[in-house]
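Input: a single structure, listed below in structure tokens.
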Amino acid sequence: MTAPILLLAFHSFAQKKDTILITAGSNRLQSHLLKNYTSSYDFFSVRDGIEKRVGEIAVNFQVFPEKNQALLVCNIKFGENVILDSGLCTLKGLSPIYHRSHQTRKSMILDFAGGNVNGKVIMKNDTESKTENVNYQPSAPLFDSFYEDIIAKTLDPKTTGLFRFPEYIYERGGTVWSAGEVLKGEKPSETIVKFYELDSKKEITRTTTYVIDINTREILKREYAMGSNKVVMKKKA
């Protein structure tokens, strides 16, 4: 699909009544199939067809069926930034409970309760820190953007047509609407999931492409494209 066709499709996206709406807590996600797993990936920056390794991520995901909860923990090294991210959600529908992020220059302590987002963000430099309180009341049940990979893993591979979902991204000012679609992979055992972050004009500002093993729901590859910048995440051998 060419870029003009994609943009045309998403300009009319908001008017399509048959577009699937997926919000946190939705029963459209096959989150009951999730199991414990650990994975490691390398990050590569791609410019002019040349790949350069720029970081790595170690992922640990735990399911607690008796509590109907799931915990995602990621250790990330990207350039000079070191990040420890953790997020707890309900297992059914992936409704966020909390998100903690400790980075080289920033810490985020966010709680999702009653549909609202509360907490604080601490910005740090070499001499001081600045704290911003977060008290955000969205108009729809939001996913935590930290769980985008898990949302992609739990979509039914047989999903057809466009869908959209709202997620919380602090750096984008709160609610961000993303669209998506599920496509056939190059291999029968693979499926492709694409997420498109839309701006207020319904134009695509970011595209995230996942290659997923249909049988294990494992993410084999993720590509993040924003303008001319592209970062590819590949599973370590």
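No lab work stands behind these numbers, since they all come straight from the coordinates. All values derive from a computational prediction rather than experimental measurement. Note that each Cβ is placed from the backbone with ideal geometry, even for glycine, and that neighbours are counted across all protein chains shown.
A few remarks follow.
- Criterion (free of Cβ contacts under 8 Å to residues at least 24 places away in the same chain, of a type outside the set (K, R) and crowded, with 18+ Cβ neighbours inside 10 Å) met by exactly one of I76, I151, I57: I76
- Every condition in (1) in a helix (DSSP H, G or I); (2) surrounded by 14 or more Cβ atoms within 10 Å (Cβ to Cβ) holds for R164 except the one numbered (1).
- Odd one out for S189 among (1) under 25 Å from H32 (Cβ atoms); (2) surrounded by fewer than 18 Cβ atoms within 10 Å (Cβ to Cβ); (3) out of contact with any Asp or Glu (no Cβ under 7 Å at 6 or more places or on another chain): (3)
- Of all residues in segment 89-129, exactly one satisfies the criterion of being closer than 23 Å to R28 by Cα, assigned to a strand (DSSP E or B) and in contact with a His (Cβ under 8 Å, 6 or more places away or on another chain), namely F112.
- For segment 192-237, filtered to residues that are part of a loop (DSSP other than H, G, I, E, B) and in contact with a strand residue (DSSP E or B) (Cβ under 6 Å, 6 or more places away or on another chain), the residue that is surrounded by the fewest Cβ atoms within 10 Å (Cβ to Cβ) is K236.
Residues are listed down the side, and each one gets a yes or a no for (1) surrounded by 14 or more Cβ atoms within 10 Å (Cβ to Cβ); (2) under 25 Å from V59 (Cβ atoms); (3) among the small types (G, A, S); (4) in contact (Cβ under 8 Å) with a residue 12 or more places away in the chain:
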| residue | (1), (2), (3), (4) |
| --- | --- |
| G115 | yes, no, yes, yes |
| S145 | yes, yes, yes, yes |
| Y168 | yes, yes, no, yes |
| T175 | yes, no, no, yes |
